[in-house]
1. May I ask you to give the percent of accessible area on the chain that is carbon plus sulfur, with a probe radius of 1.4 Å?
2. Alpha carbon centre of segment 322-343 versus segment 184-207: separation in Å?
3. Straight distance only, please: which lysines reach the Cα of K226 with their own Cα at less than 27 Å, same-chain residues fewer than 8 apart left out?
4. Calculated FRET efficiency, A4 and R444, Cβ-Cβ r, R0 41 Å, to nearest 0.05?
5. In angstroms, what radius of gyration and Dmax does segment 310-372 have, counting Cα atoms only?
6. Would you mind computing, in nm to one decimal, how far apart the modelled labels at T341 and E296 are, each placed 7 Å from Cα along Cα→Cβ?
7. Can you grab the distance from the C-alpha centre of segment 1-52 to the C-alpha centre of segment 149-175, Å, no decimals?
8. With both bridge residues required to lie in the chain, what share of the DSSP beta bridges run antiparallel, to the nearest 5%?
Amino acid sequence: MDDARSRHPGGYVLIEDDRIVAVGPPPAPPGLTAERRIDATGKVVLPGLVNTHHHLPQVLTRNVPRVQEAPLFRWLVELYEVWRHLDAEAVTAAARVGLGELLLTGCTTTTDHLYLFPKGQERFIDAEIRAARELGIRFQPTRGSMSRGKSQGGLPPDVVCQDEETILADSRRLIREYHDPRPRAMLRLALAPCAPFSVSEDLMRRTAELARDNGLRLHTHLAETKDEEDYCQATYGCRPVEFLRRLGWLGSDVWLAHCVHLSAEEIRLFAETGTGVAHCPSSNFRLGSGVSPVREMLDAGVPVGLGVDGSASNDSSNMLAEARQALLAHRSGRESSQWLTAEDVLWAATRGGARCLGRDELGSLEPGKAADLVMVDTRRLSYAGAGSDPLAALVFSPWPEPVDTVMVNGRILVEGGELAGVDVPRLVAQAESASAALLDAALRTTGVDYRRKDGLRS
Ligand SMILES: [Zn+2]
């Protein structure tokens with residue numbers, strides 16, 4: 001994933017501390033003595049994948065029966081009533097599971113978009129950060145926000161919204177406590193009002209100001225559904241992209257989730273301004289939102305990354321599965337000249353994602369880059385017979401089995417397909433019990449049994 005897209009069959013990668021110092025074809029430089037040598041025979045070594053969009057707490061509301069057939073707006077309105085019962089312990093349990101899944105599928109850097117803070121619960125991002133530090137993944141969470149509740153014409157109930165002063169004060173606190181601007185930082189923050197239908201214009205403006213004053217990036221959901229387009233037309237008298245443009249929200253320090261419904265002119269505007277896009281095909285399929293014009297965006301030079309999106313609309317944090325979904329999403333019903341290739345998809349999952357997050361030091365195996373890499377053992381059933389192009393096989397033939405080895409910042413976190421030093425059955429049990437508690441609480445407060453879907457099919 002260097003600019004020449006080099007491949008080095010039988011080659012080597014030399015790591016020193018948290019950096020790559022040399023990469024090349026065989027043989028390794030003579031006289032080289034390494035403290036530790038890892039034999040990669042039969043394995044593909046690639047840069048760690050970068051996930052550009054997620055909502056980790058949604059792990060606890062995967063495939064909830066009541067919303068299995070709901071498109072985005074109804075899905076949200078129903079699930080807000082469940083998510084409002086989240087607490088820091090539940091967020092921690094969910095984050096550990098989601099981050100663990102990401103690592104096992106080759107992701108070494110992830111963001112998270114956490115925008116829902118029920119009254120009295122302001123420390124969710126702190127909880128996620130603790131989970132990321134425990135697991136060792138590189139983390140770039142976003143301080144999300146919702147300020148436009150139902151009473152002000154927004155979609156979410158008021159009880160999960162916060163006022164602007166609270167949001168901005170907490171954003172400042174998080175920047176002070178956690179944001180690390182240094183190259184190869186393990187933790188960096190971004191700011192992310194939720195979507196045009198759940199925040200005020202004033203909050204969008206003030207958030208951009210705060211982010212730019214502190215060198216942070218900006219993120220939000222955009223142009224995900226036709227419903228959102230209708231909402232923007234009715235509320236702001238324009239399309240979602242125009243709404244952002246007016247607010248000064250297009251630029252090379254912004255990346256946007258979804259962007260399914262874009263015109264050719266809007267794609268050109270993204271390319272011109274360097275605005276990035278987090279492409280989340282599984283979620284777009286799951287919620288019936290549509291297919292994002294990724295071929296057109298890549299051809300125009302828009303930085304496109306891949307995102308698994310929240311686990312209530314994917315319902316998984318599997319980066320390799322997402323790469324395959326992206327490969328297939330852009331083929332159905334299109335001329336073959338318009339298809340995405342395995343290389344396009346892997347570029348988006350590495351370099352494209354790194355650009356979205358503003359991390360030039362990630363996304364490729366090159367001297368000076370962060371020591372984030374993944375090894376996939378191709379001697380598994382799913383890859384047998386695919387040896388003519390082992391790299392493309394990772395996209396064409398993924399199997400729900402973990403990658404072999406994952407290194408983040410020079411530390412090995414996955415070895416032999418297992419999360420090193422992590423008690424997985426304990427994480428599963430904690431998430432299951434937190435999930436059950438959420439659905440029970442929602443039943444108590446709304447009288448709705450989210451475990452049932454009878455009579456609710458749209
Ligand atoms: Zn999302």
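The values are calculated or read from the model by the stated rules, or taken from the named source; none is laboratory data. In this text the structure is predicted, and so the values were computed from the model without any measurement. Here the Cβ is made from the backbone with ideal geometry for all residues, glycine too, and neighbour counts use every protein chain on show. These area figures cover heavy atoms from the full protein model, side chains too; ligands, DNA and RNA do not enter into them. Shrake-Rupley method; radii C 1.70, N 1.55, O 1.52, S 1.80 Å.
1. 49 percent
2. Going from one Cα centre to the other spans 31 Å.
3. By straight Cα distance, K226 reaches K150, K453.
4. 0.10
5. When restricted to the Cα atoms of segment 310-372, Rg and Dmax are 14.0, 42 Å.
6. 2.3 nm
7. 45 Å
8. Of those bridges, close to 40 percent are antiparallel.
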